[in-house]
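So the structure is just underneath, and the comments pick up after that.
Coordinate-derived values only; no laboratory data. Everything numeric in this text was worked out from a predicted model, so none of it was measured. Cβ: placed from backbone, ideal geometry, glycine included. Neighbour counts: every protein chain shown.
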Amino acid sequence: MNRIKIYTSFIVILAAFQTVSAQKKDENIGTEVVNVVKPYTPTISDAYKVKEVPVIEDQETTKKEEVKYQIFSFPVASTFVPAKGKAAAVDKAKQEKLYPNYATLGFGNYKTILGELFISHEIDKFQYAGGMFRHQSSQGGIDGVKLDDAFGETSINAMYGYNRNETSFKVDLGYKYEGYNWYGAPLENPNFDEANLNVIDPGHTYNTLTIGSELAVTKSFFDKVNLNFIGFSDNYGSRENRFIIKPAFNFDFNDTAVKLKFGLDYLNSSFETIYNLETPAPDVATNIEKSNLIFSANPSFTILKDDLSIELGAEVTYFSRMKDIYNGVETDLNNEFYIFPKIKASYNLVKDIMVFFAGAEGGLRQNSYESFAGQNKFLSPTLLLEPTNNQFNIYAGLKGKLANTVAYNLKAGYDSTENMPLFKSNPYLSDPTDNYSYGNSFSVVYDNVKTISFGGELKADVNKNVTIGINAQVYSYDTKDQEEAWNMPTVKAGFTTDFNIGKKWYAGSQLFYVGERFDAFTNYQSFPNPDSKQKLESYFDINAHVGYKHNERLTVFLKGNNLANQNYQKWLNYPVQGAQAILGASYKFDF
């Protein structure tokens with residue numbers, strides 16, 4: 001340490017001397033001893049990882065000894081046998097056998113009988129045949145009704161079908177007999193007394209003969225053709241024959257599919273009498289005869305682009321009045337052309353959740369005695385049959401799913417129709433001569449009606465055993481000549497449920513509501529005799545059914561109608577049966 005101090009001092013002195021000498025040689029500044037002490041500062045040098053395999057500098061190394069392995073095997077006796085692997089069992093319901101034939105029989109109050117039989121047979125792998133018999137009747141007994149209110153319907157059908165390769169053909173033949181009564185007499189009318197009840201024979205029967213066929217060919221420009229014949233008559237000499245032919249074709253032009261539909265609808269009808277307001281003179285014809293022909297052509301094509309689908313089309317219709325005789329007088333015949341829109345569009349706003357749809361459609365509709373009797377069984381055989389010109393029906397709405405098991409449909413529309421048929425009560429004649437001229441039957445009147453409608457529907461599959469549905473519609477009518485849109489409700493609503501209770505039981509219910517309606521009643525027994533507008537109150541009805549599946553063949557059921565037991569009027573002066581119950585069974589079989 002002393003040496004370091006001495007050397008350091010010497011170096012500093014020498015450096016200082018040299019510096020001073022460089023500045024000024026002759027100046028003597030004297031001498032002074034300076035001790036410089038430097039503190040010790042230890043440092044850590046970089047660490048180096050020792051190599052796993054050190055370098056060996058020896059010239060010779062020992063060779064690695066080679067190790068050899070050898071297995072000495074010998075047999076060992078064993079009784080172990082491994083079990084074969086198999087897939088785990090999956091629980092599944094037993095598939096119910098489907099039977100092609102069944103028979104149903106039931107009995108209820110009001111002496112109701114219900115019967116049904118369906119039989120089918122496979123001739124070979126290309127052909128089949130079948131038949132059906134159906135009957136329902138009731139002996140009546142409605143509270144407050146003085147005339148016979150029994151009714152009955154019996155029908156029988158036969159069918160044949162052929163299906164091979166790309167061709168299918170089917171034909172069916174049917175006959176139906178219906179018996180109803182004009183029991184809706186205006187009992188509250190002071191001019192209607194017991195003497196009238198003894199004179200009226202209210203029985204009215206219908207006979208319907210139908211022949212239908214369809215020929216379809218796949219993978220061809222010819223799609224299908226339908227041919228139908230309907231022969232309709234009643235026990236008052238009314239006759240009607242209707243022929244309908246509807247061929248359809250498909251054409252492909254590049255990537256565009258074009259559809260072409262045709263329709264031919266011919267109707268010939270005759271009634272032996274008119275609704276006489278006065279007693280007709282002897283030997284004066286009072287018949288009604290009409291023959292109408294409607295021919296239509298409807299070309300259309302579809303545009304598909306992403307989530308948008310548009311069907312553009314139009315319908316060109318030719319109408320020919322080939323015969324028109326009223327009260328024995330033939331009127332001038334006429335021919336007319338019509339053009340109607342046939343446009344539909346839909347757009348997927350939110351995939352599988354919300355689809356917007358809209359359309360504008362129209363058409364000329366043939367009205368027939370048979371179609372009117374299907375809606376109202378209490379018509380008089382004195383109808384004027386005119387076609388209905390649905391100028392346009394514009395609608396728009398939303399449909400989709402709120403969840404995987406809940407579907408909805410909302411729709412609003414505006415409809416403009418010329419010659420809309422409306423059911424209206426026939427007047428009570430001053431000198432009634434027919435069983436239907438006591439104010440106890442209905443006629444058809446026509447008017448130009450504009451309708452605004454709103455409606456919605458909701459369906460839900462709560463689970464695999466429970467389904468629920470609800471719907472409602474609201475209507476607003478604007479008539480041109482008639483005071484009201486007779487017998488047209490302003491509100492309709494319904495609620496349905498279906499249940500499967502275990503494997504054996506099932507049940508369901510239907511609740512529906514129909515709003516108030518209006519009819520007009522004219523009494524020629526008193527003077528003056530203006531139309532008296534009658535209000536038909538709204539009604540609520542409940543239907544339900546429950547069944548027990550004894551086995552895959554036999555099922556026992558119980559059905560109930562009008563369980564609210566309301567004696568409401570569906571038509572003016574026509575109350576319905578009260579609470580009804582039918583107990584029956586259905587049996588499936590094959591042979």
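For a paramagnetic label modelled at 7 Å from the Cα of Asn471 toward its Cβ, which residues of segment 535-558 fall within the zone defined by backbone nitrogen distances under 19 Å?
539-545
Based on the alpha carbon coordinates of segment 101-589, what radius of gyration and maximum Cα-Cα distance (Dmax) apply, in Å?
My reading of the Cα-based Rg and Dmax gives 25.2, 76 Å.
What's the Kirkwood radius of segment 466-578 in Å, using all Cα pairs?
Taking the inverse mean of 1/r over all distinct Cα pairs, segment 466-578 comes out at 17.1 Å.
What is the local net charge at Ala544, summed over the other residues whose Cβ is closer than 15 Å to its Cβ (Lys, Arg +1; Asp, Glu -1)?
Net charge around Ala544: -1.
P(r) of segment 294-359 in 5 Å steps, Cα pairs, percent per bin?
Spelled out bin by bin, segment 294-359 gives 4, 14, 16, 13, 10, 10, 8, 8, 6, 5, 4, 2, 1 percent.
Mean projection of the alpha-carbon convex hull of segment 99-167 over all orientations, in nm²?
The Cα convex hull of segment 99-167, projected and averaged over all directions, gives 6.6 nm².
When the Kirkwood radius is taken over all Cα pairs of segment 262-375, what Stokes-Einstein diffusion coefficient follows at 10 °C and 1.306 mPa s, in µm²/s?
89 µm²/s
Debye calculation, C-alpha points only, no solvent: report log10 I(q)/I(0) for segment 547-591 at q = 0.21, 0.24 Å⁻¹, in the same order as the q values.
Those come out to -0.72, -0.81, one per q.
Report, in listed order, any pair from Lys401/Lys588; Lys464/Lys559; Lys219/Lys549; Lys224/Lys588; Lys219/Lys588 with a Cα-Cα distance greater than 32 Å.
Violating the 32 Å Cα-Cα cut-off are Lys401/Lys588; Lys219/Lys549; Lys224/Lys588; Lys219/Lys588.
Note the per residue figure in Å³ for the convex hull of the C-alpha positions in segment 204-244.
Normalising the Cα hull of segment 204-244 by residue number yields 47 Å³.
Based only on the alpha carbon positions, what is the Kirkwood hydrodynamic radius of segment 403-531, in angstrom?
Evaluated on segment 403-531, it is 18.2 Å.
What percent does the relative contact order of segment 101-589 come to when contacts are Cα pairs within less than 8 Å and at least six residues apart?
10 percent
Considering only DSSP states other than H, G, I, E and B, which trypsin sites (Lys or Arg not before Pro) in segment 530-591 qualify as loop sites with at most 15 other Cβ atoms within 10 Å?
For trypsin sites (Lys or Arg not before Pro) across segment 530-591 that sit outside H, G, I, E and B with at most 15 neighbouring Cβ atoms in 10 Å, the list reads Arg553.
State the Kirkwood hydrodynamic radius of segment 193-319 in Å, one decimal place, computed from all pairs of distinct Cα atoms.
Value: 19.1 Å, from the Cα pair sum.
Structure shown: which of Lys111/Lys503; Lys111/Lys377; Lys125/Lys176; Lys97/Lys176; Lys323/Lys492 lie over 28 Å apart, alpha-carbon to alpha-carbon?
Correct reply: Lys111/Lys503; Lys125/Lys176; Lys97/Lys176; Lys323/Lys492.
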